[in-house]
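To start, the structure itself, in structure tokens.
The values are calculated or read from the model by the stated rules, or taken from the named source; none is laboratory data. The structure presented is a predicted model; accordingly, all values stated were derived computationally and were not measured. Cβ sites come from the backbone with ideal geometry, for glycine too, and all protein chains shown count toward neighbours. Calculation scope for accessible area: heavy atoms of the full protein, side chains included, ligands and nucleic acids excluded. Shrake-Rupley method; radii C 1.70, N 1.55, O 1.52, S 1.80 Å.
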Amino acid sequence: MADRSTDRERASREAEALALLSSGAGSAYVAQVLADRHGVSLRQGRRYVAAVAADLTGSLTPHALDQMAL
């Protein structure tokens, strides 16, 4: 079983996700970037995106953000 990330790593990855989302990147892209850069699963990348999406948008979901970007 893989080691869990530390609180510091999680916070850093969530901050990275927030920065990418804030710059206009789509949620699927951000999740893939996080997975590639940090050697985590795509599912974990999506969890980081979901964790910060609420902070960025309130009640909007990552899917709703993608729809707004179109």
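Numbers for the structure displayed
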| read-out | value |
| --- | --- |
| Filter pass, SER59 being among the small types (Gly, Ala, Ser), touching a helix residue (DSSP H, G or I) at 6+ places or on another chain (Cβ under 9 Å), modelled with pLDDT under 95 and open to solvent by 60 Å² or more (accessible area, probe 1.4 Å) | no |
| Residue tally, condition among the hydroxyl-bearing types (Ser, Thr, Tyr), surrounded by 11 or more Cβ atoms within 10 Å (Cβ to Cβ) and in a helix (DSSP H, G or I), over the stretch 1-46 | 3 |
